[in-house]
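*Asks:* Just dropping this structure here.
Since every read-out is calculated from the coordinates, none of them should be taken as a lab result. Treat the numbers as computed from the prediction; the structure is a model and nothing was measured. Please note: Cβ atoms are built from the backbone with ideal geometry, for glycine as well, and neighbour counts cover all protein chains shown.
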Amino acid sequence: MARYIGAMCKLCRREAQKLFLKGERCYSSKCAITRRNSLPGQHGKGRKKQSEYGLQLREKQKARRFYGILESQFSKYFDMAERKQGITGENFLRLLESRLDNVVYRAGFAFSRKEARQLVRHGHFTVNGNKANIPSILLKCGDVVAVKPKSAENAKMKILLDKKRLVTVPQWISVDEMKATVLTLPNREDIDLEVSEHLIVELYSK
C-alpha cells in the first residue's frame, strides 16, 4: 500500500498550521509550527501571492494531509459526496470524519491519525463486536468501536488508555472506558478543520 514516508513536520509548515500528524509532539514546544513558522525550502519566506488555482490546491492538500489520505482515495470520497443529497463540501468532510481511523483518533484512543491507522491495522479494535482492521471503514450512526479485551493488556495500548487524553472528544461521539459510540454523523460546525471546503469543490468541479 502506498503511503507518505517523508517528514511530517514539513507538511504542517507547508500548510502554515498544525495538522497534528506527530501526536504528543504537536502539543509541545517542539512543534515545528512553534519553532519555525515559515514555509519549508530555501525560498520559503519569499513566496509570492498565490493564484486562484493555487489557493484551491492548497485547501485540497491541507485537507488531504490532515486526514492522511492519498490522492486517489481522496478523489473517490469526493465522488461519493457529489452523489449524496445536500451540500457537497459538507458531505465530503462528513465522509472523511466517519472513517474508522478518524473516529479512533477523535475518541482519544490515539494521539494522531497516523497512530490510529497503525492500531487499527494491527487489529486492536472491533466495530459492533466484529473484527475491524481496515482504517477506511466508514462508520454509521449507532456503530460502536471498542478496544479488544486482549489488546487492552498490550503495553502500548495501556499507555494510551491510562494517559490523560490530549484530544477533546467531539459531541457526536460518546466514549465510555474502552469503547466509543457514533451518536450521529457530524455537522460542519462539529468539524474543527480550518479549511474552505468550497475551494476543494471548485477545484474538483473544473
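*Asks:* Taking Lys179 as the anchor, which aspartates and glutamates have their alpha carbon closer than 13 Å to its alpha carbon, excluding any fewer than eight residues away along the same chain?
*Replies:* Qualifying aspartates and glutamates at Cα under 13 Å: Asp143.
*Asks:* Would you list, by chain and number, the aspartates and glutamates whose Cα falls below 13 Å from the Cα of Lys158, excluding same-chain residues fewer than 8 positions away?
*Replies:* Glu177
*Asks:* Just how far, in whole angstrom, is the range 60-118 from the range 190-206 if you go by their alpha carbon centroids?
*Replies:* If we compute the Cα centre of each part, the gap is 12 Å.
*Asks:* If you don't mind, another one. Where does the charge balance sit around Phe125 when Lys and Arg score +1, Asp and Glu -1, over other residues with C-beta under 12 Å from its C-beta?
*Replies:* Working: positive: Arg117, Arg121, Lys131, Lys148, Lys150, Lys179; negative: Asp101, Asp143.
With Lys, Arg at +1 and Asp, Glu at -1, the neighbours total +4.
*Asks:* Exceeding 31 Å between C-alpha atoms, which entries from my cross-link table qualify? They are Lys49/Lys206; Lys49/Lys140; Lys114/Lys140.
*Replies:* Pairs exceeding 31 Å: Lys49/Lys140.
*Asks:* Please give the charge dipole size of the range 99-185, origin at the Cα centre, charges +1 on K and R Cβ atoms and -1 on D and E Cβ atoms. Round to the nearest 20 debye. Show your work: numbers first, answer last.
*Replies:* On the way: 16 positive and 7 negative charges, 57 e Å.
Rounded to the nearest 20 debye, it is 280 debye.
*Asks:* Tell me, what HN-Hα J-couplings in whole Hz come from the Karplus equation 6.51 cos²θ - 1.76 cosθ + 1.60 at θ = phi - 60° for each residue of the range 149-160, using x for Gly and Pro?
*Replies:* Values per residue, Gly and Pro as x: x, 5, 5, 4, 8, 5, 4, 5, 5, 4, 4, 5 Hz.
*Asks:* I've got another one for you. What would the Debye equation give as log₁₀ I(q)/I(0) for the range 77-135 at q = 0.20, 0.26 Å⁻¹, counting only Cα atoms as equal point scatterers?
*Replies:* Debye output, listed in q order: -0.74, -0.93.
*Asks:* Which percent of the Cα-Cα distances in the range 99-185 go past 18 Å?
*Replies:* Values: 1183 of 3741 pairs.
Tail fraction, whole percent: 32.
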